[in-house]
Amino acid sequence: MKKKPAPWWRRNRKGETARRVVLYSRAYQLVWEQISPDQKRAHPNISLRIHASIRRQLNEGAKDAKGIALAALKDALVPQTQ
């Protein structure tokens, strides 16, 4: 008995997830290298801000690691005004 082919939305799920993981990792690494140890000590939650920025951009469909990293760096280092 032959198996039915998977629906189109399931076929690319593994490949898409792997691509996003690699993109996230590369962008995070690029940002983390640009932040000095002094800035890391001064802002203990900077890693969470970077993570949130990268995740938001990936959900919006960003596909360039350098562009994502640049935007995440700006988001992480801009002082919060609330």
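The values are calculated or read from the model by the stated rules, or taken from the named source; none is laboratory data. All figures in this text were calculated on a predicted structure; none of them were measured in a lab. Ideal geometry is used to build each Cβ from the backbone, glycine not excepted, and the neighbour counts take in all protein chains shown.
Conditions (1) at pLDDT 90 or above; (2) surrounded by 12 or more Cβ atoms within 10 Å (Cβ to Cβ), marked per residue:
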{"residue": "Lys2", "(1), (2)": "no, no"}
{"residue": "Ala6", "(1), (2)": "no, no"}
{"residue": "Thr17", "(1), (2)": "no, no"}
{"residue": "Tyr24", "(1), (2)": "yes, yes"}
{"residue": "Ala27", "(1), (2)": "yes, yes"}
{"residue": "Glu33", "(1), (2)": "yes, no"}
_Can you list residue pairs whose Cβ atoms sit under 9 Å apart, with the first residue in the stretch 40-58 being farther than 25 Å from Glu16 by Cβ and the second being among the polar types (S, T, N, Q) and part of a helix (DSSP H, G or I)? Count only pairs 6 or more apart in sequence or on different chains._
Lys40/Ser47; Ile46/Gln39
*Scan the stretch 35-59 for residues that are of a type in the set (Gly, Ala, Ser) and either crowded, with 16+ Cβ neighbours inside 10 Å or in contact with a Leu (Cβ under 8 Å, 6 or more places away or on another chain) (or both) and report the count.*
1
